[in-house]
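See structure below.
The values are calculated or read from the model by the stated rules, or taken from the named source; none is laboratory data. Nothing here was measured: the structure is a model prediction, and the numbers come from that model. Backbone-built Cβ (ideal geometry, glycine too); neighbour counts: all protein chains shown. Areas reflect the complete protein model, heavy atoms only, side chains present, ligands, DNA and RNA absent. Shrake-Rupley method; radii C 1.70, N 1.55, O 1.52, S 1.80 Å.
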Amino acid sequence: MKVIHTIGELRQALAGQAARGFVPTMGNLHDGHLALVRQAREAVGPQGAVIASIFVNRLQFAPNEDFDQYPRTLARDAELLEAASCDFVFAPSEQELYPEPQGYKVTPPAALADILEGHFRPGFFTGVATVVHKLFNIVQPSVAVFGKKDYQQLMVIRRMVAQMALPIEIQAGETARSDEGLALSSRNGYLSAEEKEEALRLSRTLKALIAGWQSGRRDLAALEAEATSHLQAHGWAPDYVCLRRRHDLGAPQAEGEPLVALAAARLGKTRLIDNLEV
């Protein structure tokens, strides 16, 4: 495996390689990321190239968020990626990826990008779509793998690829969880031992929301309010707890629609997200 820091060197290393599997990350990797890398390997086969990028993207952080504190663990990440059959790690500097202020940006439609995560993190999905589009242009993958844990992000990227007619297959990776059920996240490292135990409540709350809906209750606002109040009663600060249609994250309209329950809430100083498909 080779760690590459410049666009020119990566393009040279990938020249002539048709099958390219790509997993963009911000580093500080866990088993969920590595599962995506293994999925990319399966997609392109033993003769294809698997590329993972590691870049903490300033464009998707608000001024009050944890850009400066976000863990940078390149040496450890590279070891994990090599063990997961990754061929190339693209780890550009900020100057390499943004040699001048990024005036051209990809702005997803508000109906998808300004709700849920986008409502509480204004500009987040513009930052995500811009860096991912740029990375796609650099890597030119045939397949790219994104985790379902960031459900809305996956939808934004899929729509972008479709509308921009990019020749890339977007594959979704299932959410990796601890044995206890906690969705793996780089930010879990911020949690104390007690908070990690309490963090399990987030997925349990989503399961309860789903159970209420499946039992026949159709007052969605009441169900979501109950779920929100339950988290608040245990010391959480929820941004949203909701049940939405999978295909557009709109409110359910008809029986039998594929749905997803989503939540984002702050536990102590750490903001956690999770979702469960119905």
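Here are the numbers for the structure shown:
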| item | result |
| --- | --- |
| Subset of the range 175-187 (residues that are touching a strand residue (DSSP E or B) at 6+ places or on another chain (Cβ under 8 Å) and either part of a loop (DSSP other than H, G, I, E, B) or buried (at least 17 other Cβ atoms within 10 Å of the Cβ) (or both)) | T175, A176, A183, L184, S185 |
| In the range 250-275, residue nearest to the chain's Cα centre (by Cα) [restricted to those that are among the charged types (D, E, K, R) and either crowded, with 22+ Cβ neighbours inside 10 Å or within 15 Å of R218 (Cβ to Cβ) (or both)] | D274 |
| Residue list for the range 77-100, filter: surrounded by 14 or more Cβ atoms within 10 Å (Cβ to Cβ), small (G, A, S) and outside any helix (DSSP H, G or I) | A84, S85, A91 |
| When residues of the range 32-57 are limited to those that are more than 14 Å from the chain's Cα centre (by Cα) and either in a loop (DSSP other than H, G, I, E, B) or modelled with pLDDT under 95 (or both), the one nearest to G123 (Cα to Cα) | G48 |
| Residues being farther than 19 Å from P109 by Cβ and of a type in the set (D, E, K, R) - total across the range 245-261 | 2 |
| Which listed residue, of R72, R11, is among the charged types (D, E, K, R), touching a residue at least 24 places away in the same chain (Cβ under 8 Å) and in a helix (DSSP H, G or I) | R11 |
| The range 160-174 residues that are surrounded by 13 or more Cβ atoms within 10 Å (Cβ to Cβ), paired with ones that are among the basic types (K, R) and assigned to a loop (DSSP other than H, G, I, E, B) (beta carbon under 7 Å, 6 or more apart) | A172/K148; G173/K148; E174/K148 |
| Single unsatisfied condition, T6 versus (1) in contact with a His (Cβ under 6 Å, 6 or more places away or on another chain); (2) of a type in the set (S, T, Y); (3) farther than 25 Å from L184 by Cα | (1) |
| Sole exception among (1) out of contact with any Gly (no Cβ under 8 Å at 6 or more places or on another chain); (2) modelled with pLDDT of 95 or more; (3) of a type outside the set (A, V, I, L, M) for F67, by number | (2) |
| Which listed residue is farther than 29 Å from G8 by Cβ and not small (G, A, S), from T175, T126 | T175 |
| Options H234, H247: the member that is closer than 19 Å to K148 by Cβ and open to solvent by 70 Å² or more (accessible area, probe 1.4 Å) | H247 |
| The one condition in (1) modelled with pLDDT of 95 or more; (2) open to solvent by less than 30 Å² (accessible area, probe 1.4 Å) that F61 fails to fulfil | (1) |
| Which numbered condition R72 misses (of (1) open to solvent by 70 Å² or more (accessible area, probe 1.4 Å); (2) more than 21 Å from D239 (Cβ to Cβ); (3) within 17 Å of the chain's Cα centre (by Cα)) | (3) |
| Qualifying positions in the range 207-230 - touching a strand residue (DSSP E or B) at 6+ places or on another chain (Cβ under 8 Å), closer than 21 Å to K196 by Cα and surrounded by fewer than 20 Cβ atoms within 10 Å (Cβ to Cβ) | K207 |
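Quick grid of which residues meet (1) at pLDDT 95 or above; (2) under 21 Å from the mean Cα position of the chain (by Cα); (3) among the acidic types (D, E); (4) closer than 18 Å to F120 by Cα:
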{"residue": "L209", "(1), (2), (3), (4)": "yes, no, no, no"}
{"residue": "G212", "(1), (2), (3), (4)": "yes, no, no, no"}
{"residue": "A221", "(1), (2), (3), (4)": "yes, no, no, no"}
{"residue": "E226", "(1), (2), (3), (4)": "yes, no, yes, no"}
{"residue": "H230", "(1), (2), (3), (4)": "yes, no, no, no"}
{"residue": "H234", "(1), (2), (3), (4)": "yes, no, no, no"}
{"residue": "P238", "(1), (2), (3), (4)": "yes, yes, no, yes"}
{"residue": "C242", "(1), (2), (3), (4)": "yes, yes, no, yes"}
{"residue": "H247", "(1), (2), (3), (4)": "no, yes, no, no"}
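Per-residue answers, yes or no, for (1) open to solvent by less than 30 Å² (accessible area, probe 1.4 Å); (2) within 26 Å of T107 (Cβ to Cβ):
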| site | (1), (2) |
| --- | --- |
| A18 | no, no |
| F22 | yes, yes |
| M26 | no, yes |
| G32 | yes, no |
| A40 | yes, no |
| V44 | yes, no |
| Q47 | no, no |
| V50 | yes, no |
| N57 | yes, yes |
